[in-house]
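Notes follow the structure.
The values are calculated or read from the model by the stated rules, or taken from the named source; none is laboratory data. Because the structure is predicted, anything quoted here is derived from the model rather than measured. Neighbour counts are summed over all protein chains in view; Cβ atoms, including those assigned to glycine, are modelled from backbone coordinates with ideal geometry.
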Amino acid sequence: MTQTKRPPKNPVRFTTTVVPYILYLLHTSQPEERAAIYPLLEGYLVRRVICRETSKNYNRLFGAWIKSGVKTVAAFKAALIDESNTVNRYPDDAAVRTRGFPAHIAAYPACLK
């Protein structure tokens, strides 16, 4: 009996848990706010992947952001700062650089500065 090979595990796991939050922004925020939040949200997720941070609490995080009405850039930045000492922390430039990424990548986007 031949055994089928499974594809290798992908170390980079992307999440769909953020989709409800993206839809929430789409239906509740102004276009200019969305245009500013989306790159910050992307940077948050990419930095966490680079630093190999867990994604297992995203459902609670994004649900809490929806419940508390995080739909402006100011509210988004404040929400990230509130998470700075938790499992959902925003990896800073130094954390990204320790993973071997150059400064220009580590600085994208510098949303908490």
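Below is a table of values for the structure above.
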item: Matching residues, segment 74-102, being within 14 Å of the chain's Cα centre (by Cα) and surrounded by 15 or more Cβ atoms within 10 Å (Cβ to Cβ); result: Phe76, Lys77, Ala79, Leu80, Glu83, Asn88, Arg89, Tyr90, Pro91, Asp92, Val96
item: First in segment 60-75 and on the phi < 0 side of the Ramachandran plot and without any contact (Cβ under 8 Å) to a residue 60 or more places away in the chain, second anywhere and assigned to a helix (DSSP H, G or I) and among the β-branched types (Val, Ile, Thr), Cβ under 7 Å, 6 or more apart; result: Lys71/Thr28; Val73/Ile37
item: Test for Pro91: is it modelled with pLDDT under 85 and either in contact with an Asp or Glu (Cβ under 7 Å, 6 or more places away or on another chain) or not in a helix (DSSP H, G or I) (or both); result: no
item: Test for Tyr58: is it aromatic (Phe, Trp, Tyr) and under 16 Å from Ser84 (Cα atoms); result: yes
